1. Grab the eigenvalues of the alpha-carbon gyration tensor for the chain, scale each by 5, take roots, and send me the semi-axes largest first in whole angstrom.
2. Can you pull out the trypsin sites (Lys or Arg not before Pro) in the stretch 19-123 that DSSP calls coil and that have at most 15 other Cβ atoms within 10 Å?
3. Taking the Cβ of Gly155 as the centre, find all other residues whose Cβ is under 15 Å away and add up their charges (Lys, Arg: +1; Asp, Glu: -1).
4. Computed over the Cα atoms of the stretch 78-165, what is the ratio Rg over Rh, Rh following Kirkwood?
5. Whole angstrom only: what separates the Cα centroid of the stretch 1-73 from the Cα centroid of the stretch 95-165?
6. Residues with amide H under 5 Å of Val84's amide H, sequence separation 5 or more or different chain, H placed in the peptide plane at 1.01 Å from N; which?
7. Just to check I understand the Karplus step: with θ = phi - 60° and J = 6.51 cos²θ - 1.76 cosθ + 1.60, what whole-Hz values come out for the stretch 106-122, glycine and proline as x?
8. Amide H of Val95: which non-local residues (sequence gap of 5 or more, or other chain) have their own amide H closer than 5 Å, using H built in the peptide plane?
Amino acid sequence: MVDTDNQNQDDNLIVAAEVREALRSALHMIRMLEYPGELSTTQVSILNTVAAEPHPMGLLARRSGMTQPGMSQQVARLEAAGLVRRDPDPRDARVALVTITDSGEETRRRVNHERNEVLARYFAVLDDDARTALRDGLGPLTRLSEAVVQREIRGVRPQENTRRD
C-alpha cells in the first residue's frame, strides 16, 4: 500500500524546491533589468508595498527581507526624493507609518510601466502555449504568496505534515 501522506509530502518538497529555484531565477532576471540612475528593485518594491497601504518600518523591513536599519536607509533615500513620507500611526504615536506621496505614486507607476515594457520584450520569445502556462500558474502562486505573507505577519505557521485539499 502506498503511503499517500508521505508521497504528498515528497511532492510538496519537490514543488517547493522548483518554485524557490524559479523565483530565484526570476529575481535575478528582474535585478538584471535595472537601469543605472533609476530606483533599485528594492526601492520599487517598497513603493509598491506602501502604495497598497502605509506600513510601519519594522513590517516593511520584514516583508522586504531586510534589517530595520537597512530599511530605514532605503526609506530615507525615498523620503529625500519626495517619494514617501513618514506619518504618525494613529494607534501608536511611537510608530511611524511609511506612506507613498503623490509624486511617489506617479514615479511608481512610471517605473513599473517602463520595467514591464522591457520584460514584455523578453516574453515575446515565448510561444502562446508557454505564455498561457506561465499566466495560468501565476494565480495560484500569487494567492499562496499573499496568504503566506498574511499568516507570517500574524505569526501563524503551518504545522508539519498538514495538507489542505
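All of the numbers you see were taken from the coordinates with simple rules; none came from a lab. Keep in mind the model is a prediction, meaning the values are calculated, not measured. Neighbour counts run over all protein chains shown; Cβ positions are idealised from the backbone, glycine included.
1. Equivalent ellipsoid of the chain: 33, 24, 13 Å, largest first.
2. Details: sites: Arg20, Arg24, Arg31, Arg62, Arg63, Arg77, Arg85, Arg86, Arg91, Arg94, Arg108, Arg109, Arg110, Arg115, Arg121; in loops: Arg91.
Loop-located and lightly packed - Arg91.
3. On the way: positive: Arg62, Arg63, Arg151, Arg154, Arg157; negative: Glu152.
Net charge around Gly155: +4.
4. Numbers: Rg = 19.4 Å, Rh = 17.3 Å.
Looking at the stretch 78-165, the ratio lands at 1.12.
5. Answer, in whole Å: 9.
6. When sequence neighbours closer than 5 places are left aside, the close amide H contacts are Glu79, Thr101.
7. 4, 5, 4, 4, 5, 5, 4, 4, 4, 5, 5, 4, 5, 5, 4, 4, 6
8. Amide H neighbours of Val95: Asp89.
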